[in-house]
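Read the structure below first, then the notes.
The values are calculated or read from the model by the stated rules, or taken from the named source; none is laboratory data. Quick caveat: nothing in here was measured; it's all calculated off a predicted structure. Cβ placement follows ideal geometry from the backbone for every residue including glycine, while neighbour counts extend to all protein chains displayed. Keep in mind that these areas ignore ligands, DNA and RNA; they rest on the heavy atoms of the full protein, side chains included. Shrake-Rupley method; radii C 1.70, N 1.55, O 1.52, S 1.80 Å.
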Amino acid sequence: TVAGLTTSLEGELWFASPANAALSSLDLTTGEPTRILELGEVAPYNLTVLDDGTVLVGLRRENQVNAYTADLLPRWDAKDGEDGALTGPRQLAGIRGLALIAATESGTVAALDLATGERRGSITAPATADVSDEEPGTVDRLVGGMASLADPPVVLIADPYRGAIMVFDASDTERLLDPDQQWGFLGAVGQLGVAPGEFAYIRSLLVLPDA
């Protein structure tokens, strides 16, 4: 079973296999998989490789995220806290020294220190008002998906119940994590629907390279 896909810095295709409790590399010529990291009895459900080589692995059943070096040596692990921000980690990203986690049933994106795994704060929060203009940068109940872009440095967060993709300025990480500054909210595109320019309950986001 394949539960997550990413590419290594060398361009190899890596995937998470919950059934095998391992990460594997796929030979694109032969189609043969090779296990590159055994995780014992825990099942990985997603993974990503950041620009500095850090590998983030989401363990959905354990409500935990593990970080590894580019050589797949253990770096840190972060477990869920009282706010449930790591309950069922579903999308992983990183930007400006932060590891970002969007969980299955969370109304926020957790931000961890990429070097230590310590919690630094959060981006966005569930809205308390019906009109999004009254609380810029908030989501309607849950975060749908999340991704980051290095240049320009922004974080993209999907609001599934509004059908919108919100853009946050990540050039200043203190502002990015500050609710009093609307987390650096720049604006949003889309609305709920199935017509052009509309989105129906976005559950994940992916930023592709230009080439």
Using Cα pairs closer than 8 Å and at least 6 residues apart in sequence, work out the relative contact order for the chain, in percent. 11
Work out how much length ASP178 to ALA195 would gain on full extension: take 0.36 nm times their residue separation and subtract the Cα-Cα distance, in nm to one decimal. 2.7 nm
Which of the peptides 110-117, 39-46 is most tightly packed, and how do the rest follow, going by the mean number of other Cβ atoms within 10 Å of each residue? 110-117, 39-46
Under a plain spin-label model, where a point goes 7 Å from the Cα along Cα-to-Cβ, how far apart in nm are SER171 and GLU105? 3.9
Ranking ILE157, GLN181, VAL65 by how far each Cα lies towards the positive end of the charge dipole of the chain (+1 on Lys and Arg Cβ, -1 on Asp and Glu Cβ), the top one is VAL65
Identify the residues of the range 26-51 with backbone N under 16 Å of a label point that sits 7 angstrom from the Cα of VAL207 along the Cα-to-Cβ direction, or state none. 48-51
Percent accessible area from carbon and sulfur atoms, the chain, protein chains only, probe 1.4 Å: 49
Work out how far the C-alpha atoms of the range 94-211 reach from end to end along every principal axis, then list the three figures in whole Å, largest first. 42, 39, 24
Trypsin sites (Lys or Arg not before Pro) restricted to the range 45-84 and DSSP loop, no more than 16 other C-beta within 10 Å: ARG61
Between GLU82 and LEU9, what FRET efficiency follows from the Cβ-Cβ distance if R0 is 45 Å, with the result rounded to 0.05? 0.80
FRET efficiency for THR1 and THR128, Cβ-Cβ distance as r, R0 = 30 Å, nearest 0.05? 0.15
Please label the shape of the range 33-124 as rounded, prolate or oblate, based on the square roots a ≥ b ≥ c of the eigenvalues of the alpha-carbon gyration tensor (a/c under 1.5 means rounded; beyond that, a/b larger than b/c means prolate, else oblate). oblate
Three principal axis lengths of the range 70-155 [C-alpha, angstrom, descending]: 47, 33, 19
Evaluate E = 1/(1 + (r/R0)^6) for ALA115 and ASP151, where r is the Cβ-Cβ distance and R0 equals 22 Å; express this FRET efficiency to the nearest 0.05. 0.50
Starting from the Cα gyration tensor of the range 2-55, take the square roots of the eigenvalues, sort them a ≥ b ≥ c, and report rounded, prolate or oblate (rounded when a/c is under 1.5, otherwise prolate if a/b is larger than b/c, else oblate). oblate
Give the whole-number value, in cubic angstrom per residue, of the convex hull volume spanned by the C-alpha atoms of the chain. 132
Please list, by residue number, every one of the chymotrypsin sites (Phe, Trp or Tyr not before Pro) in the range 150-211 that is coil in DSSP and has at most 15 other beta-carbon atoms within 10 Å. TYR161, TYR201
